[in-house]
Amino acid sequence: MADSTTPHPMMAWWPDALLAKARRIRLIALDVDGIMSDGRLYFSATGDELKAFNILDGLGLKQLMAAGITVAVITGRQSPLTEKRMRDLGIPHLMQGREDKKAALQELVGAMDITPDAIAYMGDDLPDLPALRFVGLGLTVPNGYWLVRQHADYCTQAHGGAGAVREACDLILAAQGKLDAALQPYLEPQP
């Protein structure tokens, strides 16, 4: 098992400049629709909204928080389902109904005494672009809007709602030498 001074094998996948940005991250902020979900809106016959969240993403976010990285969710929509999922995950900062994601990030900067270069933001569409350009590490997904992909520091291999958040979590944890510690409990010998 590698220690914090030994590069994780996954780091060979990412360029040094990307890893340098990921090493500084103390907060990751995420959009919901298109990032934590597949971006489609589902409604029942009675008009109830349905969302699907990927379980891989949830565990990755818990691992980030356990490693000392703060998680925030900033979404333009209001959704009781999003509120429940974020509460279940223990995410401390949920900002719903926020079309201006950069302004929401600036509020977090002030409240947390953090600099933008220590923030990662993950979004997929035009309302996310100012926030993505404001932070130290801009992340997106392959099914995101082309202009967002053009301005991101990294586009995940996985699509939004299909493990993309977990990939971003692994990137940050690996760059900071914390991924092996996050994985170790699952590799312990079985009795």
Within region 134-191, the residues that are under 25 Å from residue 107 (Cβ atoms), without any contact (Cβ under 8 Å) to a residue 40 or more places away in the chain and assigned to a loop (DSSP other than H, G, I, E, B) are 145, 152
Item to complete: Say whether the condition of being at negative phi and touching a His at 6+ places or on another chain (Cβ under 7 Å) is met by at least one residue in region 107-115.
Response: yes
When restricted to 117, 128, the only residue of a type in the set (Asp, Glu), modelled with pLDDT of 95 or more, touching a Leu at 6+ places or on another chain (Cβ under 9 Å) and closer than 27 Å to residue 182 by Cβ is 117
Those residues of region 65-100 which are within 20 Å of residue 133 (Cβ to Cβ) and more than 14 Å from the chain's Cα centre (by Cα) amount to 76, 95, 98, 99, 100
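Any chance region 42-50 includes a residue that's surrounded by 18 or more Cβ atoms within 10 Å (Cβ to Cβ) and either hydroxyl-bearing (Ser, Thr, Tyr) or touching a residue at least 24 places away in the same chain (Cβ under 8 Å) (or both)? Walk me through how you get there before you give the answer.
As a first pass, look at region 42-50 and keep what is surrounded by 18 or more Cβ atoms within 10 Å (Cβ to Cβ): none.
Within region 42-50, none of the residues are surrounded by 18 or more Cβ atoms within 10 Å (Cβ to Cβ) and either hydroxyl-bearing (Ser, Thr, Tyr) or touching a residue at least 24 places away in the same chain (Cβ under 8 Å) (or both).
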Of the candidates 55, 35, 69, the one satisfying the condition of being within 14 Å of residue 173 (Cα to Cα) and either touching a residue at least 12 places away in the same chain (Cβ under 8 Å) or not polar (S, T, N, Q) (or both) is 69
Checked against (1) over 22 Å from residue 152 (Cβ atoms); (2) surrounded by 13 or more Cβ atoms within 10 Å (Cβ to Cβ); (3) more than 12 Å from the chain's Cα centre (by Cα); (4) not polar (S, T, N, Q), residue 133 satisfies every condition except (1)
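The values are calculated or read from the model by the stated rules, or taken from the named source; none is laboratory data. What you see is a predicted model; the values in this text were computed from it and never measured. Positions of Cβ are generated from backbone atoms using ideal geometry, with glycine treated the same way; all protein chains shown enter the neighbour counts.
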